[in-house]
Amino acid sequence: MPAHTKEAVVIVATIALALLRRRSRLRKKAAASVAEVHEKSNPLDLFFRGRPIPAALLVARREVLQRLASRAYKVIIVLMVLVSVGAIAVPKIVASSGAKLTVATTQSGVKELRSVTQRVEKLTGVNLKISVEPTTADVKQSVRNAKAAIGYADSELILKRPFAPGSNSSTTRALSALSQGIQVEKVLSSGSIKKLPPSVVAQILSPKPIKLVYLLPSLARPKDLSLAIVGLVATFMLLSTYSAWVLMGVIEEKSSRVIEVLLSSISPRSLLLGKMVGIGTAALTQAVTAVLAAIITTLAVGSSILRGAGLEFIALQLMWLLLGYSFYCTLGALAGSLVSKVEDAQSVTAFIQIPLLLSYLASFAVLSGNQNSLLKLLAYIPIFSPFLVPIYWSSGQLGLGQVFLSVVINVLCLYLTYRFASTVYQATVFSRGKRVKFKTAIRLARLAN
């Protein structure tokens with residue numbers, strides 16, 4: 001046999017041996033990924049009691065264990081707890097430390113205001129500063145320009161906008177105390193108090209209310225703005241993080257070829273469903289931890305933020321967080337199935353991040369009081385619903401029936417999106433090389449059906 005032929009045979013044999021060793025390592029790694037959970041005692045084993053555990057639950061358990069062990073997961077939990085505690089404790093501490101408000105009035109109202117200022121500060125803890133303006137028009141202009149929180153002129157208390165129902169802000173408390181104080185002061189300064197006839201006594205017991213004048217219509221804002229902002233930011237953080245985790249998880253499995261061995265014992269849809277359920281369980285754990293921290297802080301500082309409407313808002317926000325997670329993580333799995341290399345992940349990240357960013361910006365537009373009918377229509381579109389529906393419901397712009405309709409639309413769209421994503425995932429799971437175009441993915445999905 002010629003020398004060069006012997007060398008070629010040796011090279012081919014070496015390459016074949018290396019490939020066999022690599023395949024053996026991949027099989028072992030895949031087997032460990034699927035069966036690592038069997039090595040530990042866990043609730044699933046107790047629940048099924050010897051019966052076969054569904055493949056999707058095995059994958060979900062693996063995902064949960066991986067997330068719980070990661071440093072990023074622990075950092076996010078700490079950040080969410082700190083934000084929850086701060087959102088409840090800081091407003092309470094600031095309110096108890098005594099706020100400062102400016103009250104604009106004309107020269108004729110100075111005497112009445114000065115006589116009740118001390119009483120208001122004692123009752124509410126709000127320090128009042130009196131600003132004297134030349135005319136009633138100047139008082140209104142001062143309130144309109146936010147130079148003064150409250151105006152008083154011609155026996156009328158002037159505000160820029162009406163308060164949200166149930167508001168307990170420093171301005172609300174000061175306004176209530178001012179109104180009562182001025183009523184009593186008017187009666188006491190009438191001169192009839194010295195003789196105390198029955199009519200004056202009746203006036204003292206039930207004085208004539210001070211008229212409230214609003215310069216602008218009320219803004220349609222949530223009843224508790226700080227709670228709504230915290231819920232919005234938490235939803236954005238969680239959906240961004242976990243949809244990216246699903247996307248990267250799909251790509252990493254494809255790029256390492258472990259998925260070839262996994263799919264020999266698990267169907268693609270079971271693998272995808274297990275990944276989403278596992279990461280979703282980890283996300284729900286973080287959200288529940290943040291809520292528990294908020295409840296403990298509420299009890300500790302005596303805040304009323306979680307009573308009534310606040311508690312309902314948190315429950316609604318958690319429900320929409322789960323719906324939003326399901327939808328966005330389905331999109332993440334769909335986007336991840338289009339590429340096979342980790343370095344190509346950036347090319348499909350925009351598929352998730354752009355809708356998230358648009359929803360985030362639209363939510364802040366609603367929080368600022370924007371009542372555009374187009375924004376309200378977006379509350380029924382799945383990519384926007386998890387952000388907009390809780391805010392619209394809290395501000396009274398969506399009723400229970402409209403919220404239910406939005407839920408039905410989202411569940412239906414989620415089902416259709418999952419069916420499509422799982423079909424595309426199954427059709428492209430073995431694709432290698434360049435990114436699969438969306439049109440190609442649709443064609444492959446049609447062929448698979």
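The values are calculated or read from the model by the stated rules, or taken from the named source; none is laboratory data. What you are looking at is a predicted structure, and each value in this text was computed from that prediction instead of being measured. Reconstructed Cβ throughout: ideal geometry from the backbone, glycine too, with neighbour counts over all protein chains shown.
Yes or no: the stretch 134-144 includes at least one residue that is closer than 30 Å to residue 391 by Cα and modelled with pLDDT of 75 or more.
Scanning the stretch 134-144 turns up at least one residue that is closer than 30 Å to residue 391 by Cα and modelled with pLDDT of 75 or more.
So how many residues does the stretch 418-435 have that are of a type in the set (Gly, Ala, Ser) and either surrounded by fewer than 14 Cβ atoms within 10 Å (Cβ to Cβ) or modelled with pLDDT under 80 (or both)?
3
I'd like to check something: does the stretch 327-344 contain any residue that is touching a helix residue (DSSP H, G or I) at 6+ places or on another chain (Cβ under 6 Å), closer than 19 Å to residue 275 by Cα, surrounded by fewer than 19 Cβ atoms within 10 Å (Cβ to Cβ) and of a type in the set (A, V, I, L, M)?
yes
Hey, can you tell me all the residues within the stretch 46-86 that are surrounded by 14 or more Cβ atoms within 10 Å (Cβ to Cβ), in a helix (DSSP H, G or I) and at pLDDT below 75?
Listed by number, the list holds a single entry, 55.
Mind checking whether some residue in the stretch 436-448 is crowded, with 16+ Cβ neighbours inside 10 Å, in contact (Cβ under 8 Å) with a residue 40 or more places away in the chain and of a type in the set (Phe, Trp, Tyr)?
no
Answer yes if at least one residue in the stretch 410-417 is of a type outside the set (S, T, N, Q) and crowded, with 19+ Cβ neighbours inside 10 Å, and no otherwise.
no
Of all residues in the stretch 242-258, which are at pLDDT below 85, of a type outside the set (A, V, I, L, M, F, W, C) and assigned to a helix (DSSP H, G or I)?
Within the stretch 242-258, 242, 249, 252, 253, 254, 255, 256 meet the criteria.
Rundown of residues vs (1) modelled with pLDDT of 75 or more; (2) within 23 Å of residue 342 (Cβ to Cβ); (3) more than 23 Å from the chain's Cα centre (by Cα), yes/no style:
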position	(1), (2), (3)
260	no, yes, yes
266	yes, yes, yes
276	yes, yes, no
284	yes, no, no
287	yes, no, no
300	yes, no, yes
303	no, no, no
312	yes, no, no
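So residue 405 fits all but one of (1) within 15 Å of the chain's Cα centre (by Cα); (2) of a type outside the set (D, E, K, R); (3) farther than 28 Å from residue 249 by Cα; what number is the exception?
Among (1) within 15 Å of the chain's Cα centre (by Cα); (2) of a type outside the set (D, E, K, R); (3) farther than 28 Å from residue 249 by Cα, the lone unmet condition for residue 405 is (1).
Can you tell me how many residues in the stretch 336-351 are in a helix (DSSP H, G or I) and in contact (Cβ under 8 Å) with a residue 40 or more places away in the chain?
6
For every residue, the table says whether it meets (1) under 18 Å from the mean Cα position of the chain (by Cα); (2) farther than 26 Å from residue 312 by Cβ.
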residue: 358; (1), (2): yes, yes
residue: 365; (1), (2): yes, no
residue: 368; (1), (2): yes, no
residue: 372; (1), (2): no, no
residue: 386; (1), (2): yes, no
residue: 393; (1), (2): yes, no
residue: 421; (1), (2): no, yes
residue: 427; (1), (2): no, yes
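If you scan the stretch 364-400, which residues turn out to be among the small types (Gly, Ala, Ser) and closer than 19 Å to residue 326 by Cβ?
Correct list: 379, 385.
Would you please list the contacts, defined by Cβ atoms under 7 Å and residues six or more apart or on different chains, that run from a residue in the stretch 282-295 that is in the same structural domain as residue 325 (by TED's automatic domain parsing) and surrounded by 23 or more Cβ atoms within 10 Å (Cβ to Cβ) to a residue that is of a type in the set (A, V, I, L, M, F, W, C) and not in a helix (DSSP H, G or I)?
294/306
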